[in-house]
Structure formats: structure tokens, C-alpha cells
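The values are calculated or read from the model by the stated rules, or taken from the named source; none is laboratory data. Keep in mind that this is a model prediction, so the values were computed, not measured. Counting neighbours? That spans all protein chains shown, and the Cβs are built from the backbone with ideal geometry, glycine included. Please note that ligands, DNA and RNA were not included when accessible areas were found on the heavy atoms of the full protein model with its side chains. Shrake-Rupley method; radii C 1.70, N 1.55, O 1.52, S 1.80 Å.
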Amino acid sequence: MIRHAITLSIVLPLAGTSALAQMAADSVAPEIATGISEGVSPVTSQNWMVAVAHPLAAEAAAHVLRRGGSASDAAIAAQAMLGLVEPQSSGLGGGAFLVRYDDETGTVTTLDARETAPLAATPTLFQTAAGDPLAFFTAVIGGRSVGTPGTPALMAEMHQRWGKADFASLLEPARKTAEAGFTVSPRMAKSVANAAVSLRAHPATAAYFLPGGKPLAVGTTLKNPAYAATLARFQKDGVSPFYTGDLARNIVDTVRGFALNPGLLTMADFTNYRVKERAPVCAPYRGHEVCGMGPPSSGGLTVGQILALLEPYDLKALGQDNPESWRLIGDASRLAFADRGRYMADPDFVPQPTKGLLEPDYVKTRSSLLNGDKALETVTAGEPAWDHAGLFGDGLSLDLPATTHFSIRDSEGNIVSITSTIENGFGSRLMANGYLLNNELTDFSFRTHRDGRPIANRVEPGKRPRSSMAPTIVLKDGKPVLAIGSPGGSRIIGYVAKTIIAHLDWGMDIQTAINFPHAVNRFGTYDLEAGTGAEQLQQPLEALGYKVNIRNLNSGLHAIAIGENGLTGGADPRREGIVIGE
């Protein structure tokens, strides 16, 4: 067995802030990376590999693969464990997207397990009586923000389609760990400390994360008997109690019974929930196909657009330290984000110009805007060809970083790339059956119209909010060469695109590409990763016309590269994941 551990991120508690400001800070600046571990080497193996965001989850997945289980089996085991040991990021109360490569058929399949808005929701769900948008954290904390979770349904769907091991056995490591207890990691403890004010909002949440009124300390042994009981129900009855039984009823009662900010979920929302297979979105780049999740995720399309816009420009020759490279990458990202804001939403509710956004003539026209030598002064959405009519206003939706990603490849060559979330750190702060409930509905636009046009990502009953999650599989000549993804809110897109560029254009091995400092531009301001070499770009980028912000950029990239000599894995040193392979 080959494995490595990763230097943990350090989170600094905030002091001297009001309760409301503290709640906002839970997501705006929860985790501060003290630096990137330059000494970490990539892991190599020949048969199978997992790259997962927590050592216990990686071990659970590896245990499955050692016994001949499939990549999907291993993903189920990993997700069950992550919901226990990394509860602030993902879990049974959230949703996920899956991109899978089948080695036998050579096909890529994508599954959408995004949360859905309650059937009782209206477009004004996040507006005041006067029609103004609610303050963001007023909307987040409580039942109003909770959508119907999709993660348990995805676990069941994966097992039905591609599972080899007994479903109950896949949950046993997490069940036993929940019953016996696990050691609270530095990252989890610091996240709890930063979120302590808002975690007091719900009694069950406070009792679990703030025992005796104090945040969980590093090294504490934490047991979760309610979570163990939930997994035991799944082992006995499958996930049906989550959607049609008492587990669903407990969630509905929790969401609707939160007096401060009650929600609208009903049993009908759970009964009607379905995982949906969507067509993958694939974009060409340097002789590769970069395949990801299409709408309601904006990840696949926006990563694909960024890379397609950069295709005519020789980033390899320019080099990784050249400000011109970053001008091109930054403005390609801004152009793609402008299209994202106007057009991308749930395709079951809103017509999508998916083909048009990647159509060669459209991409060529947009790419030509990068031909100057200064930052673009203005960036607006383009006018792609439509499969059918649609005209929308620009929408702005916060998409905050509390997510996880894992990449897994089994001994038969099948690959899963999965990004899973409860949205904001600790989600809605409501807890039921041993896990946190998402606040995914705040990924919708709080406004319904702009400039007289409806906003594509507005709230509608049964609709899935737009996401930035970007689980990705890169192919060359029809064979996978990379599986990758990251948490990080809307910056996920920039993290994934940067790492693909570093790997394919600048020839970095996948661990070095992950380590490489972040420089992300979405809406005009260039975010440079604090405490890294990216800070050296500040003056050159300002000279090109950008506003620059030095800040902490806490990605969680986990990737597997596949080559002639086997598998090479990388885990993000900004978090606490590991790679295991044999």
C-alpha cells in the first residue's frame, strides 16, 4: 500500500465581532491556509486508487477496493464516512453530482443528485414583504433554506447500477465509527469554533458540536449514535425510510418546526425526489476532452468554456509565472462567468443554450476578445445559439465554500469523480437523525427579475438550484487521463481549470499542479492566494488593469492521473485528505 498524509489547514477564530457578523464569517473566511506543503510527493500505484478529503473516509474506500469492490462501492463507503467525520462539508442531508467513466463501454455518465426546492416554494421565498432580497444569513440559518436532500438517493442509485459489494457492508465502517467514536481533527475543531454562534441556533446542533456550551476541542473522541442508527436503518431497509418513512418525517418536522425561520418541505417533496441522469458536457482542450456535469451545475460548462476560450493561446510557451498567462486565464474566466450568470440553471425549468455556449464559432468570437494586452474593461454575457428560445436577465447568487470532492479508480478501470455538499459550512445549522441539513436553496437568486427579464436561477417549486460543483474526467483518445474536482463555492471552477492547465500545459505532475498557488478571477477582481508565490502577481496584474485581492483560497482538490505507467494521485495540502493506492 502506498499513501501519504497532507499538512492540515489552520483556521483562526474571529474575535470582536457581532453575532450576525460572526455568522457571516462562518463561510466568508472560515479557514486560513498557512502555506502549501511543497514537500508532498504524488502517490503512484498500478491497480486502484482513492483520493479523498479525510483519512478515515479514504481508508473506508480503500477497504472496499482491496476486497474487489467497484469504484461506486468505494464512493458509497467514503461518503458515509465523510458525513460523519467532515459533517460541516457534506453528508446525508445534502446533495451531490457524479461523473463516471465505464471502462468496458468507454462511456461517461453523469448523475444529478442536487437538492430540490419544496413544491410549496414561490419565487419570492427569499424576499421581504416589501419585495427586497433577504440578508443572506437571515435566509441561511433555519428551515427556509433546506431543499430535499439527494445524497442518500445517489448512494442507492450508484449501488443499483454499478455496485458489486453488499450495500449494508459498505456502510459498516461509518456505522461502527459513529458508534465507537472518532477523533476530532484540527480542521473540524476550528470550523466548529468559527461557527459557534450560529451553531447555537438549533438545540440538537448545539448539543452535538458545543457540548457543555463549548466548541469541540481537537482530539476529542466524538460519538454519534443517531448517525449510527440512521446507517443501521439503511443497512436493514435501504434508503427508503429517508424518502418515505420516519427519517423523512423527522426532517420535515425539524425544518417546519424551527420557529425563527421555518421551511416549507413536506413528505411529498421526499416521495417525489429522483436522481436524474444528465448528458455530460465535454469541451475540447489540447487534444483532450474535458467532461463534466451539465446544468443545473454550471461547473462542467464554465470550466469547459474557460479552457475552450484559451485553446488558441500558447500558455505552455508563455509559462506559469508570466502575467500574460494570468491575464488570459482571468479574462477567459470572466467571460465564462458572465455567460454562467445569465444562462445556466435547472434545464427542467429553464431552456439552456448548452450546445451554443461551446459551439466553435461562438467560442471563437468570445475568445477573440482576449487578443488585447490589458484586462477587459467590461465583460458581458454573449449571445450563443439556442436549441429553443430564451431571454434572461443577469443573476447573482452566492455559492459558498463548504463542500467535499473525491476521486476513485477501481482495479477494472472504472472511475468516479464526485463532488458532494451541504452548501454553506454546517448548512442550515439544523440537525436531524444525526446529520446536518443543507441550506442549498440559498444557491438560487434571491431576485426574480433584472432589467425586466426573468432570472434563470430564480426559485421555482421542485427546481434544483444552480451549482458550481465541477467533478471532471479528462479523456484523450477516448481513454481517461485525469479525474479531478474540488470544493470552494463558485471558485471551484477556477481551482479545477487552473489545475488542469498546470497539468496539461505546464507539465506539472498532479500533486504539484494541485499545490500550485491559486489565482482566480470570476467577476473582475483577481483573488490571489495569501502566503504563496501568487502574491508576486499583484503588481503585474494591477498594471494590466485588475483590482487585486490577497486572500485565503481554501480549495480541496483531489485527483487521479492515469498514464502508461499507472496511476498518480494528489490530495490538496490545504485540507486533510490523503491518497491511497495499490
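Pull out a ≥ b ≥ c, the square roots of the eigenvalues of the alpha-carbon gyration tensor of segment 313-369, then state rounded if a/c is under 1.5, prolate if not and a/b is larger than b/c, and oblate in the remaining case. Mind dumping the intermediate values first?
Working: a/c = 3.34, a/b = 2.23, b/c = 1.50.
Cα axes put segment 313-369 in the prolate bin.
Going through segment 465-528, which chymotrypsin sites (Phe, Trp or Tyr not before Pro) have at most 16 other Cβ atoms within 10 Å and a DSSP loop state?
Here the chymotrypsin sites (Phe, Trp or Tyr not before Pro) that fit, given the DSSP loop and packing criteria, are 523.
Give me the distance in nm between label points sitting 7 Å out from Cα along the Cα-to-Cβ direction at residue 286 and residue 46, one decimal.
Result: 2.9 nm between the two label points.
Provide 354, 302 ordered by accessible surface of protein heavy atoms (probe 1.4 Å), highest first.
My answer, sorted largest first, is 354, 302.
Order the peptides 425-431, 538-544, 195-201 from the highest to the lowest mean number of other Cβ atoms within 10 Å of their residues.
The peptides rank, most packed first, as 425-431, 195-201, 538-544.
Could you give the nm distance between label points at residue 229 and residue 107, where each point is 7 Å from its Cα heading toward the beta carbon?
4.2 nm
Take every Cα pair under 8 Å in segment 424-470 that's 6+ residues apart, average their separations, divide by the length, and report that relative contact order as a whole percent.
Reported relative contact order: 26 percent.
Rounded, prolate or oblate, given the Cα gyration tensor of segment 433-582, with a/c below 1.5 counting as rounded?
oblate
Which whole-number percent gives the relative contact order of segment 447-582, counting Cα pairs below 8 Å spaced six or more residues apart?
20 percent
Looking at the square roots a ≥ b ≥ c of the eigenvalues of the Cα gyration tensor of segment 449-534, which shape do they give, rounded for a/c under 1.5, prolate if a/b is larger than b/c, or oblate?
oblate
Could you work out what % of the accessible surface of segment 65-148 is carbon and sulfur, using a 1.4 angstrom probe and leaving DNA, RNA and ligands out of the count?
Heavy-atom surface of segment 65-148 belonging to carbon and sulfur, 1.4 Å probe: 50 percent.
Could you give the radius of gyration (one decimal) and Dmax (whole number) of the Cα atoms in the chain, in Å?
Both quantities, over Cα of the chain: 21.9, 63 Å.
With charges only on Cβ, +1 for K and R and -1 for D and E, what is the dipole size of the chain about its Cα centre, in debye, rounded to 20? Could the numbers behind the result be given before it?
Working: 50 positive and 56 negative charges, 248 e Å.
Computed charge dipole of the chain: roughly 1180 debye.
Let me check something: with ligands and nucleic acids excluded, how do 59, 460 order by accessible area (1.4 Å probe), largest to smallest?
Largest accessible area first, the list is 59, 460.
Write out the chymotrypsin sites (Phe, Trp or Tyr not before Pro) in segment 148-204 meeting two conditions: DSSP loop, and at most 11 other Cβ atoms within 10 Å of their Cβ. Kindly include the intermediate steps, with their values, before the conclusion.
Numbers: sites: 162, 167, 182; in loops: none.
Here no chymotrypsin sites (Phe, Trp or Tyr not before Pro) fit, given the DSSP loop and packing criteria.
So which trypsin sites (Lys or Arg not before Pro) in segment 281-385 are both in a DSSP loop and have at most 12 other Cβ atoms within 10 Å of their Cβ?
Sites meeting the loop and neighbour criteria: 374.
Once you list every other residue whose beta carbon is under 13 Å from the beta carbon of residue 561, what net charge do they have if Lys and Arg are +1 and Asp and Glu are -1?
+1
Provide the descending list of Cα extents for segment 281-394 along its principal axes, expressed in whole angstroms.
43, 31, 22
Using a probe radius of 1.4 Å on heavy atoms only, what accessible surface per residue do you get for the chain? Whole Å² is fine.
Values: 19640 Å² over 582 residues.
I get 34 Å² per residue for the chain.
Calculated from DSSP H runs of 4 or more alone, at -39500 (n - 2.57) each and per residue, what is the 222 nm mean residue ellipticity of the chain, nearest 500?
Value at 222 nm, helices only: -9500 deg cm²/dmol.
Dipole of the chain (Lys/Arg Cβ +1, Asp/Glu Cβ -1, origin at the Cα centre): which of 273, 201, 305 lies farthest to the positive side?
201
5 Å is the cut-off here: which amide hydrogens, built 1.01 Å from N in the peptide plane, fall below it relative to residue 430, excluding neighbours closer than 5 in sequence?
142, 437
What is the sum of charges, Lys and Arg at +1 and Asp and Glu at -1, for the other residues whose Cβ falls under 12 Å from the Cβ of residue 325?
Around residue 325, the charge tally is -2.
Measuring from label point to label point, each 7 Å out along Cα→Cβ, what is the residue 120 to residue 256 span in nm?
With each label point 7 Å from Cα toward Cβ, the separation is 0.6 nm.
Given a cut-off of under 8 Å on Cα pairs at least six residues apart, what relative contact order in percent is computed for the chain?
Relative CO of the chain lands at 26 percent.
Can you tell me what the convex hull of the Cα atoms of segment 127-216 projects to on average, as an area in nm²? Numbers along the way, then the final one.
Details: hull surface 36.4 nm².
The Cα convex hull of segment 127-216, projected and averaged over all directions, gives 9.1 nm².
Ranked by accessible surface with a 1.4 Å probe, highest first, in what order do 463, 476 come? Don't skip to the answer; put the middle values down first.
Numbers: 463 0, 476 85 Å².
Most to least solvent-accessible, the answer reads 476, 463.
Using the per-residue mean of other Cβ atoms lying within 10 Å as a proxy for protection, in what order, highest first, do the peptides 62-71, 92-101 fall?
92-101, 62-71
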